[in-house]
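Only one structure is covered here, and it is reproduced in the block below.
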Amino acid sequence: MHRKVSIQRAYEEPGRDDGYRVLVDRVWPRGRRKQDLALDDWAKELAPSTELRKWFGHDPARWEAFRERYRDELATPEARERLHALLAAAGERPLTLVYSAKDEQHNQAVVLREAIARVRR
């Protein structure tokens, strides 16, 4: 059985079917209170490094290079261990990756969802 992994902006209202909600940003979403996000976890250490995040700057022209570099960060033993811990904490519930970027196609949650799909194979 494959668990559903969704991505959602931190500025959207949490849904009843979101399951285990985890913030995957290194920086807290501006203007959002903890209770507004209804989070189960904040996986700062799974977010892109500060250097990578600043280099990317959400520039779509850097997207492919960002994806590759972020995948490299997620391939470290520490990141893989944290990914496994996240999946274990979610259990059988759906998993919702919460992020704050405006761009819904070019953000770390997209890459992280791909990495989770590879871990579960």
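The values are calculated or read from the model by the stated rules, or taken from the named source; none is laboratory data. All of these numbers come straight from a predicted model, not from anything done at the bench. Please note: Cβ atoms are built from the backbone with ideal geometry, for glycine as well, and neighbour counts cover all protein chains shown. SASA here: full protein model, heavy atoms, side chains in, ligands and nucleic acids out. Shrake-Rupley method; radii C 1.70, N 1.55, O 1.52, S 1.80 Å.
Residues that are among the hydrophobic types (A, V, I, L, M, F, W, C) and in contact with a strand residue (DSSP E or B) (Cβ under 9 Å, 6 or more places away or on another chain) are absent from region 50-68 altogether.
Of all residues in region 76-102, those that are open to solvent by 80 Å² or more (accessible area, probe 1.4 Å), over 17 Å from Tyr20 (Cα atoms) and either in contact with a Leu (Cβ under 9 Å, 6 or more places away or on another chain) or part of a helix (DSSP H, G or I) (or both) total 4.
If you scan region 37-70, which residues turn out to be open to solvent by less than 80 Å² (accessible area, probe 1.4 Å) and in a helix (DSSP H, G or I)? Within region 37-70, Leu37, Leu46, Thr50, Leu52, Trp55, Phe56, Pro60, Trp63, Ala65, Phe66, Arg67, Tyr70 qualify.
For region 103-118, residues that are open to solvent by 10 Å² or more (accessible area, probe 1.4 Å) and within 14 Å of the chain's Cα centre (by Cα) total 9. Can you name every residue in region 103-112 that is of a type outside the set (S, T, N, Q) and either in contact (Cβ under 8 Å) with a residue 60 or more places away in the chain or not in a loop (DSSP other than H, G, I, E, B) (or both)? Answer for region 103-112, where residues must be of a type outside the set (S, T, N, Q) and either in contact (Cβ under 8 Å) with a residue 60 or more places away in the chain or not in a loop (DSSP other than H, G, I, E, B) (or both): Glu104, Ala109, Val110, Val111, Leu112. Residues of region 25-35 include none that is at pLDDT 95 or above and of a type in the set (S, T, N, Q).
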